[in-house]
Amino acid sequence: MIRLPRSVLLLAAVALLALAGFGMWTLDRKAKRVEQVLSASEQAGAKGGAEAQQACTAIIGALKEALDNLEGDDKKIPLATRGHRSLGQCLAHMNRLEDAVAAYRKAIALTAETSYLHGEIALLYSRMGQHMPAQRSARLAVQLDPQVWIAHRQLARVSAAARQLAQAEASYEEALKLAPPEQIRKLQDEINQFKEKHESARKEEVR
């Protein structure tokens, strides 16, 4: 049996520790990079109009790469859910609606009982003119979290787009009951615009 000098064993142990430390440092850098990309994509998705489209176009490649790094790691499901949602938001801003729906579907597959994801995908379906799946997704959002006012507003919006006016009005009124004080005025303005628009449409039909 060959006995290695203690100094050689010590050097080997130090090398192994250094290698392990480098591996942890590399993983930590990757985790930070993923977090930075997710935050940037969420900020891009929160913008509006041409600014959102431009910001999303700039970040979308890095976001897809970050999602590839999260693939298959159960510990990172919350990050992956955020990432697929952000990807869906950005694709929607870029008018790639079918791709946006697919991204939201991946987020929903990771955490199915999340009301806001179903509500957001409902609005995408509505933009695509697919009113039945839009209403189905919006109703599911309300069922999953009936105390969230935004879910009722989403159902109202997709119902209005489908010309289900009674359902839209009922959902708007429910949203108004649950909305926080700082949102009530804006929501009431939206309800008034909805009523005015469809009242005008009724008058045109009578003529």
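The values are calculated or read from the model by the stated rules, or taken from the named source; none is laboratory data. Source: prediction; values computed, not measured. Note: ideal-geometry Cβ built from the backbone for every residue, glycine included; neighbour counts use all protein chains shown. These accessible areas exclude ligands, DNA and RNA; they are computed on the full protein's heavy atoms, side chains included. Shrake-Rupley method; radii C 1.70, N 1.55, O 1.52, S 1.80 Å.
Numbers for the structure displayed
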{"quantity": "Qualifying residue in segment 63-70 (condition: small (Gly, Ala, Ser), free of Cβ contacts under 8 Å to residues at least 24 places away in the same chain and more than 18 Å from residue 118 (Cβ to Cβ))", "calculated": "no"}
{"quantity": "Lone unmet requirement of (1) closer than 30 Å to residue 70 by Cα; (2) out of contact with any helix residue (DSSP H, G or I) (no Cβ under 6 Å at 6 or more places or on another chain) for residue 133", "calculated": "(2)"}
{"quantity": "Selection from segment 32-63 of residues that are out of contact with any His (no Cβ under 9 Å at 6 or more places or on another chain), aliphatic (A, V, I, L, M) and either under 9 Å from residue 93 (Cα atoms) or surrounded by 13 or more Cβ atoms within 10 Å (Cβ to Cβ) (or both)", "calculated": "34, 37, 38, 40, 50, 58, 59, 60, 62, 63"}
{"quantity": "In segment 34-54, residue nearest to residue 75 (Cα to Cα) [restricted to those that are among the aliphatic types (A, V, I, L, M) and at pLDDT below 75]", "calculated": "34"}
{"quantity": "Matching residues in segment 90-107 - criterion: being assigned to a helix (DSSP H, G or I) and either open to solvent by 40 Å² or more (accessible area, probe 1.4 Å) or of a type in the set (Asp, Glu) (or both)", "calculated": "93, 98, 99, 102, 105, 106"}
{"quantity": "Qualifying residues in segment 150-165 (those that are in a helix (DSSP H, G or I) and open to solvent by 30 Å² or more (accessible area, probe 1.4 Å)) - the one farthest from residue 197 (Cα to Cα)", "calculated": "150"}
